[in-house]
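Single-structure report; data block below.
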Amino acid sequence: MTFTAGSIPTNRLVLLPLRVEHAEEMAAVLGDPALHAFIGGEPETPQGLRWRYRRLVAGSCDPAVGWLNWVVRLRAASCLTGTVQATVHFDGPDTVAEVAWVVGTPWQGRGIAGEAAHALVDWLGRQGVRTVVAHIHPDHAASAAVATAAGLEATDECHDGEIRWVTTSKQER
């Protein structure tokens with residue numbers, strides 16, 4: 001099973017499939033070093049993001065793994081505010097997606113990340129993904145709130161210092 005990232009509309013947002021052309025605007029959106037407090041690294045230049053986005057758009061070399069990436073556009077302001085992504089592991093009936101999100105500092109605290117992550121998890125479920133996983137630093141309360149809004153629950157499992165959050169499809173519950 002494979003699938004392609006398409007546009008995902010919500011009330012206030014539209015998740016648009018990532019394109020290399022998004023790099024310039026996204027470099028500004030993701031330019032605050034504070035966004036890297038829990039994930040490490042530092043903001044990328046527009047050139048660095050173009051290189052990274054080219055790699056992401058090209059997709060995984062492994063046919064059992066899908067890379068799905070979107071930018072988050074706030075409809076009212078017609079501007080990009082962040083990204084959501086899913087790495088999907090196609091393993092027969094046990095398709096699992098690992099998800100992540102980031103919203104630029106000026107747009108935080110408005111529920112954008114929660115709305116985008118919820119839309120992503122719902123979309124993945126409609127594609128047949130049975131399990132969705134996120135890994136969140138234990139001190140990152142904002143990301144924990146986003147995971148909760150997306151329907152994920154914290155587990156007792158830790159990986160590389162991050163808590164594993166998980167949800168399974170409604171069919172399994």
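Considering the stretch 53-99, the residues that are part of a loop (DSSP other than H, G, I, E, B) and in contact with a strand residue (DSSP E or B) (Cβ under 8 Å, 6 or more places away or on another chain) include one that is surrounded by the most Cβ atoms within 10 Å (Cβ to Cβ), namely THR95. Kindly check whether there is at least one residue in the stretch 147-158 that is open to solvent by 40 Å² or more (accessible area, probe 1.4 Å), in contact with a Ser or Thr (Cβ under 7 Å, 6 or more places away or on another chain) and in contact (Cβ under 8 Å) with a residue 40 or more places away in the chain. No - not one qualifying residue is present in the stretch 147-158.
Among the candidates GLU25, GLU21, the residue that is assigned to a helix (DSSP H, G or I), farther than 24 Å from ARG126 by Cβ and either basic (Lys, Arg) or in contact (Cβ under 8 Å) with a residue 40 or more places away in the chain (or both) is uniquely GLU25. Would you check if there is a residue in the stretch 118-136 being at pLDDT below 95, of a type in the set (Phe, Trp, Tyr) and closer than 22 Å to GLY6 by Cα? No, the stretch 118-136 contains no residue that is at pLDDT below 95, of a type in the set (Phe, Trp, Tyr) and closer than 22 Å to GLY6 by Cα.
On inspection, VAL146 passes the criterion of being out of contact with any Lys or Arg (no Cβ under 7 Å at 6 or more places or on another chain) and in a helix (DSSP H, G or I).
Of all the listed residues (ARG110, ARG50), the sole one being open to solvent by 60 Å² or more (accessible area, probe 1.4 Å), in contact with a Leu (Cβ under 9 Å, 6 or more places away or on another chain) and outside any strand (DSSP E or B) is ARG110. Free of Cβ contacts under 8 Å to residues at least 40 places away in the same chain, of a type outside the set (Val, Ile, Thr) and within 23 Å of GLU162 (Cα to Cα) - does that describe any residue in the stretch 67-79? Within the stretch 67-79, one or more residues are free of Cβ contacts under 8 Å to residues at least 40 places away in the same chain, of a type outside the set (Val, Ile, Thr) and within 23 Å of GLU162 (Cα to Cα).
The values are calculated or read from the model by the stated rules, or taken from the named source; none is laboratory data. Fair warning: this is a prediction, and the values are worked out from it, not measured in the lab. No Cβ is skipped: glycine too gets one built from the backbone with ideal geometry, and neighbour counts run over all protein chains shown. These area figures cover heavy atoms from the full protein model, side chains too; ligands, DNA and RNA do not enter into them. Shrake-Rupley method; radii C 1.70, N 1.55, O 1.52, S 1.80 Å.
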